[in-house]
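Single-structure report; data block below.
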There are 2 protein chains.
Amino acid sequence: MIKGVLPMENTIISLEKGAVERWRKGDVWGWTEISDEDVTYFDTGTSKRIDGLEALKREYAKRVGKIRYDVKEFLDPKILVHGDAAVLFYRFFSTYLNPDGSIAGRIPWNCTEVYAKTDGKWKIVHTHWSFIKGEIKRD
Amino acid sequence: MIKGVLPMENTIISLEKGAVERWRKGDVWGWTEISDEDVTYFDTGTSKRIDGLEALKREYAKRVGKIRYDVKEFLDPKILVHGDAAVLFYRFFSTYLNPDGSIAGRIPWNCTEVYAKTDGKWKIVHTHWSFIKGEIKRD
């Protein structure tokens, strides 16, 4: 297990940040583009694990037009690299917005992403999103 | 990324099941014994990531004598193996018991465990526990 900043890690963090940036603009497909065909996906909001890219696309299709939040910067990101596999994890706050753009509340999240390199490309093979304490902070 | 059942995977699942079995009997130290010195740990019940085995031991020390639940079997366990790194994930229900032994409720969980082999031994290097939908089922 290698720790510390490597060029590879920068690639992974940049993939992740790119997908986050698209998500906060309402574009759900940034994630699916960097997820492997065999991705497995845990989300607090889904009752079962999602297996495979096609199933993830079906889930995300439901969210098109429903994203009304801003993702704050990654808190305490850390990465473990092991050859062609890497685990990235961080916390973040998502700020939910009312239709008028005012802030409805903030939810703290944990995120774990497992990346693997296939055919020279880094792809997400496992995602785990979860609430921290399920807490919503109202402004 | 190798998928399927390998002897190594059996080792990992057996480590995990051993720790679960001790936990449900109130022994919190099964997890710390199989966690790496540099383990990182996400838990819905803790507001920040726990970094390092010593910090995890301090957290678990608070839980001694407070565990009153039974862990159901692993649901849909899956493992991704990549050389000396492996990601195991599964869902499960924890059944909370009242002091008289009757069932207080069930909570569904997601779990992701990242294992790495160091000095010939498999250890947990990253754990992510989370509620699914934060839902509690009352019997």
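The values are calculated or read from the model by the stated rules, or taken from the named source; none is laboratory data. Source: prediction; values computed, not measured. Because the Cβ atoms are built from the backbone with ideal geometry, glycine has one as well, and the counts that use them run over all protein chains shown. Surface accessibility is based on the protein's heavy atoms, side chains included, excluding ligands, DNA and RNA. Shrake-Rupley method; radii C 1.70, N 1.55, O 1.52, S 1.80 Å.
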Fill in: Calculated FRET efficiency for the pair B:ASP119/A:LYS121, C-beta based, R₀ 51 Å, to 0.05
0.95
Worksheet, complete the sentence: Shape descriptors of the protein assembly as shown over alpha-carbon atoms, Rg and Dmax in angstrom, are 18.6, 57
Fill in: Per the axis that maps chain A onto chain B, nearest residue of A (Cβ criterion) and its distance in Å
A:SER130, 1
Worksheet item: Over the range B:21-132, what number does the Rg to Rh ratio reach, with both radii from the alpha-carbon atoms and Rh per Kirkwood?
Response: 0.97
Worksheet item: So how strong a dipole does the protein assembly as shown carry about its Cα centre when Lys and Arg Cβ are +1 and Asp and Glu Cβ are -1, to the nearest 20 debye?
Response: 940
Worksheet item: Pairs B:LYS78/B:LYS123; A:LYS17/B:LYS57; B:LYS17/B:LYS121; A:LYS117/B:LYS48; A:LYS78/A:LYS117: which are spaced more than 26 Å apart, C-alpha to C-alpha?
Response: A:LYS17/B:LYS57; A:LYS117/B:LYS48
Discussion item. Give me the one-decimal nm value for the distance between modelled label points at A:LEU75 and B:TRP29, 7 Å along each residue's Cα-to-Cβ direction.
Written reply: 3.3
Discussion item. 7 Å along Cα→Cβ for the label point: how many nanometres lie between A:GLY83 and each equivalent label in the other copies, listed shortest first?
Written reply: 0.5
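Which whole-number percent is the relative contact order of chain A (Cα, under 8 Å, 6+ apart)? Display every interim value, and only then the final one.
Values: 259 pairs, mean separation 31.0, N = 139.
Value for chain A: 22 percent.
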Response to the item:
Sorting from shortest, the nanometre distances separating the label point of A:GLY45 (7 Å past Cα along the line to Cβ) from those of the same residue in the other copies are 2.7
Worksheet entry | Rounded to the nearest 10 Å², the accessible area of B:VAL64 at probe 1.4 Å | 80
Worksheet item: Between B:ILE103 and residues 5 or more places away or on another chain, which pairs have amide H atoms under 5 Å apart, with H built 1.01 Å from N, and which residues are they?
Response: B:ASN98
Practice prompt. Place the label 7 angstrom along Cα→C-beta at A:SER14 and in each other copy, then list the distances from the first to the rest in nm, shortest first.
Written response: 4.4
